[in-house]
Amino acid sequence: MKEPEKSFVRLRSMVVPLLRDNVDTDQIIPARFLKVTHRSSLGPAAFADWRRDPAFVLEQERYDGAQILLTGENFGCGSSREHAAWALRGAGFRAVIATSFGDIFRQNALKNALLPVELTPSQHEELLAEAVGQDGVVDVERPASGTPLVEIDLERLVVTMPSGRDLPFDVDPFSRYCLLGGVDQLDYLLSFSKEIANYEVDHG
Amino acid sequence: MTPPRTLLDKIWDAHEVTAKPEHPSVIYIDLHLIHEVTSPQAFTGLQQRSLCVRRPDRCLATMDHSTPTFGQQATSHAITDAAAKTQLARLTENCHRHGITLYPHGSAENGIVHVIGPERGRTLPGMTIVCGDSHTSTHGAFGALAFGIGTTEVEHVLATQCLLQHKPAAYEVVFENSLPPGVSAKDMALALIAKIGADGGTGHAFEFRGQAVEELDMEGRMTLCNMSIEAGARAGMVAPDAKTFAYLAGRPEAPKGVPASWWRLNSDPDATFARSVTIDASTLRPMVTFGTSPEMGIPVDEEIPTAKGDAATRGKLERALEYMGLQSRQPMVGIAIDVVFIGSCTNGRLGDLRQAASVLRGQKIAPKVRLLVVPGSMEVKRLAEAEGLDEVFIEAGGEWRTPGCSMCIAMNGDQLEPGQRAVSTSNRNFEGRQGPGSRTLLASPLTAAAAALHGAVADPRPLLMSVGASQGAEQVHGQQGGGA
């Protein structure tokens with residue numbers, strides 16, 4: 001199986017609106033799918049219970065191929081299961097835009113090159129209006145050629161809206177450095193082996 | 001002079017291997033707890049890099065999540081779910097290969113990871129403790145910095161015994177005054193989450209303080225710290241005191257005596273917290289949730305609120321109530337339920353079972369209600385059986401199981417049918433948490449037991465009056481000695 005991309009520089013894609021707050025990791029991947037011993041092939045299980053509803057946004061063909069999920073506040077709260085990040089990557093997502101994230105999910109996402117983009121509520125509203133339509137109502141009449149695309153640039157730390165306007169956001173500098181260069185965090189941590197050994201000597 | 005420090009500062013400073021501006025700190029981890037669900041991919045990663053486990057002596061593994069609580073045997077042979085069986089076999093292989101202590105099914109030490117750490121005396125004051133499980137915050141009850149991590153981080157700890165971490169901000173949570181009878185640590189946690197929201201503690205570590213926290217026994221403090229993550233805080237902690245040390249005394253793997261350093265594990269008087277909230281514990285009532293986020297909780301004797309605020313806030317409540325099959329202005333008391341689950345890393349300890357038994361003793365649960373009581377560990381099971389609690393539950397019409405996460409995670413055979421409603425002593429009422437279509441109402445062991453008797457949500461306090469003085473107010477308060 002092909003290794004998933006470990007770096008993130010920029011991305012241009014449609015956005016899928018999942019306009020709910022407190023989307024917990026049990027929704028992203030229900031516990032019954034956690035009886036696996038690998039990371040791959042969890043994509044089809046993403047949002048498995050919500051996908052039973054044919055009206056659910058991810059069941060709509062028009063979003064096929066979209067790589068950005070646009071959601072509300074406290075996305076990824078709850079369980080620490082990294083399977084949530086793996087499932088979103090498996091389902092083709094490379095970024096999640098929200099007004100806030102659960103702490104553990106944010107870390108898991110960053111370690112899987114799934115970029116968590118935190119916007120302010122007013123930025124979020126602007127983006128929603130441009131990329132999705134007012135109040136989250138998807139404008140199905142939008143001409144096909146005008147499918148609104150959003151660009152996320154980790155180098156410049158901006159989300160560029162379909163109108164061309166930039167929304168600045170922040171990512172912690174170390175995670176950004178790792179993502180831009182595809183740097184593996186364990187390799188970085190292993191470079192401190194000597195310091196760790198010294199600590200162990202000092203602390204028993 | 002060093003500036004005043006919080007408990008978090010003190011533990012953090014003592015574990016910082018390196019600190020560099022604009023970089024996360026390298027933090028040393030004293031204890032790494034491991035279970036079958038979040039570890040296999042980490043061990044695979046280790047193997048792919050040809051790395052070994054740096055400190056197997058600082059790891060402890062158990063089987064709990066995908067573990068059936070029925071028909072468990074000394075080996076995993078009774079497990080019929082092929083995927084779970086594979087996962088458990090992988091844990092056994094991995095622990096064997098790397099020399100990690102594992103408490104498998106059937107061993108006297110087996111149990112839920114957050115129950116056995118303290119029980120064995122592995123969880124100690126001042127430690128840094130991690131596990132691929134968000135309820136690792138439980139161990140903060142001992143004055144440890146304990147938090148949940150993802151599987152990539154599990155791999156990091158296996159390989160280096162360290163983690164790259166940004167320091168959380170300190171959040172003081174004060175519970176003033178004493179709890180009234182019939183109100184327990186679970187109610188404190190649910191009241192806090194209702195007050196500050198499911199993301200109120202994001203980016204922070206809680207320090208629980210105040211008279212009501214000091215008065216909790218160690219099991220109550222574990223319940224309180226356990227639920228920190230449901231308010232968004234990865235860690236929750238309580239400064240250790242004489243109760244902490246008494247709990248640890250004589251535990252199989254705890255050190256003899258009390259190191260002087262343990263007494264210094266508290267926030268300095270002038271230490272500043274990034275945030276603070278105060279709750280008057282004497283005003284708390286038994287809490288129960290009505291929605292699909294732990295923040296949707298109210299006192300059991302109230303009505304479900306009506307939607308207020310903007311469209312998004314109203315929509316959130318309406319959606320939750322629709323899922324739960326409940327309505328605004330409906331009183332909580334009297335809401336019909338199908339199942340009562342007593343157990344989990346939140347409320348599966350001896351004191352929790354004693355509280356539930358105090359309500360159920362000599363009574364019969366309502367017809368058609370299923371009561372599942374799952375001790376948190378083999379040790380809890382043994383102690384509960386020694387004092388006849390198993391008989392209390394069985395005679396009341398309940399099922400007495402072997403340890404595991406059971407119906408809290410519903411990936412082990414214990415789960416609700418779609419549409420069923422449960423009062424559960426676990427920690428999450430998310431959609432489908434207890435099985436697809438399941439509806440969960442979170443509550444304390446006392447409130448859960450009361451619901452089992454009534455077949456509906458009930459206020460446990462009137463039942464406690466009728467239980468009488470012989471049970472002792474102490475037991476009702478959850479002040480009993482914290483088990484063995």
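The values are calculated or read from the model by the stated rules, or taken from the named source; none is laboratory data. All values reported here derive from a predicted model rather than from experimental measurement. Note: ideal-geometry Cβ built from the backbone for every residue, glycine included; neighbour counts use all protein chains shown. Just the protein is used for accessible areas: all its heavy atoms, side chains included, with ligands, DNA and RNA removed. Shrake-Rupley method; radii C 1.70, N 1.55, O 1.52, S 1.80 Å.
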Taking region A:3-28 and the residues there that are within 11 Å of another protein chain (Cβ to nearest Cβ) and hydrophobic (A, V, I, L, M, F, W, C), the one that is nearest to B:Gly413 (Cα to Cα) would be A:Ile28
Are any residues in region B:203-215 within 14 Å of chain A (Cβ to nearest Cβ) and crowded, with 24+ Cβ neighbours inside 10 Å, and if so, which ones? B:His204, B:Ala205, B:Phe206
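Could you say whether any residue in region B:216-239 is open to solvent by 50 Å² or more (accessible area, probe 1.4 Å), assigned to a helix (DSSP H, G or I) and more than 14 Å from chain A (Cβ to nearest Cβ)?
No, that holds for no residue.
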How about region A:32-139: which helices (runs of 4 or more DSSP H) wholly inside it have at least 2 residues that are in contact with a Gly (Cβ under 7 Å, 6 or more places away or on another chain) and either open to solvent by 50 Å² or more (accessible area, probe 1.4 Å) or not aliphatic (A, V, I, L, M) (or both)? A:103-110
By residue number, the members of region B:1-59 that are among the small types (Gly, Ala, Ser) and either open to solvent by less than 40 Å² (accessible area, probe 1.4 Å) or under 29 Å from the mean Cα position of the chain (by Cα) (or both) are B:Ala14, B:Ser25, B:Ser39, B:Ala42, B:Gly45
If a residue must be part of a helix (DSSP H, G or I) and within 25 Å of A:Gly204 (Cα to Cα), how many such residues does region B:115-136 contain? 6
I'm told B:Met218 meets every condition in (1) touching a residue at least 60 places away in the same chain (Cβ under 8 Å); (2) under 15 Å from B:Ala146 (Cα atoms) except one. Can you identify the failing condition by its number? (2)
Look at region B:9-32 and say how many of its residues are in contact (Cβ under 8 Å) with a residue 60 or more places away in the chain, away from chain A (no Cβ under 12 Å) and either closer than 20 Å to B:Gly150 by Cα or in contact with a Lys or Arg (Cβ under 8 Å, 6 or more places away or on another chain) (or both). 4
Restricting region B:108-139 to residues that are over 25 Å from B:His204 (Cα atoms) and of a type in the set (Val, Ile, Thr), the one surrounded by the most Cβ atoms within 10 Å (Cβ to Cβ) turns out to be B:Ile112
Across region B:396-429, the tally of residues that are away from chain A (no Cβ under 12 Å) and charged (D, E, K, R) stands at 4
Determine which single condition B:Leu192 fails, assuming it passes every other condition in (1) aliphatic (A, V, I, L, M); (2) farther than 30 Å from B:Met465 by Cα; (3) open to solvent by less than 10 Å² (accessible area, probe 1.4 Å); (4) more than 10 Å from chain A (Cβ to nearest Cβ). (2)
Residue selected from region B:394-415 under the condition within 14 Å of the chain's Cα centre (by Cα) and part of a loop (DSSP other than H, G, I, E, B), by the criterion farthest from B:His35 (Cα to Cα): B:Ile409
Give just the number: which of (1) acidic (Asp, Glu); (2) closer than 23 Å to B:Arg314 by Cβ; (3) open to solvent by 70 Å² or more (accessible area, probe 1.4 Å) does A:Asp21 not satisfy? (3)
Residue pairs qualifying under the 6 Å Cβ cut-off, at least six apart or on distinct chains, with the first in region A:74-96 being of a type in the set (Lys, Arg) and the second being open to solvent by 10 Å² or more (accessible area, probe 1.4 Å) and modelled with pLDDT under 95, are A:Arg89/A:Pro4
Count of residues meeting criterion [of a type in the set (Gly, Ala, Ser), within 25 Å of A:His124 (Cα to Cα) and exposed (fewer than 14 other Cβ atoms within 10 Å of the Cβ)] in region A:155-183: 2
(1) part of a helix (DSSP H, G or I); (2) more than 9 Å from chain A (Cβ to nearest Cβ): which one isn't true of B:Glu155, the others all being true? (2)
Of the residues B:Ser282, B:Ser261, B:Ser276, only one is open to solvent by 30 Å² or more (accessible area, probe 1.4 Å), polar (S, T, N, Q), more than 19 Å from B:Arg421 (Cα to Cα) and within 14 Å of chain A (Cβ to nearest Cβ); which? B:Ser261
Give, as residue ranges, the strands (runs of 3 or more DSSP E) completely inside region A:148-204 that count at least 1 residues that are facing another protein chain (nearest Cβ under 9 Å) and among the charged types (D, E, K, R). none
Cβ pairs under 7 Å, 6+ apart, first in region B:90-107 and crowded, with 17+ Cβ neighbours inside 10 Å, second of a type in the set (Asp, Glu): B:Leu91/B:Glu36; B:Tyr103/B:Glu109
Being under 30 Å from B:Ile11 (Cα atoms) and surrounded by fewer than 19 Cβ atoms within 10 Å (Cβ to Cβ) is the filter here; which residues of region B:292-309 pass it? none
Please enumerate the residues belonging to region B:385-425 that are surrounded by 19 or more Cβ atoms within 10 Å (Cβ to Cβ), at positive phi and without any contact (Cβ under 8 Å) to a residue 40 or more places away in the chain. B:Ala410
Looking only at region A:184-201, count every residue that is surrounded by fewer than 16 Cβ atoms within 10 Å (Cβ to Cβ) and touching a residue at least 40 places away in the same chain (Cβ under 8 Å) and tell me the total. 1
What do you reckon, is B:Thr289 out of contact with any Asp or Glu (no Cβ under 8 Å at 6 or more places or on another chain), among the polar types (S, T, N, Q), open to solvent by less than 20 Å² (accessible area, probe 1.4 Å) and in contact (Cβ under 8 Å) with a residue 12 or more places away in the chain? yes
Which one is nearest to B:Leu265 (Cα to Cα), of the residues in region B:12-36 that are touching a Phe, Trp or Tyr at 6+ places or on another chain (Cβ under 6 Å) and in a loop (DSSP other than H, G, I, E, B)? B:Pro24
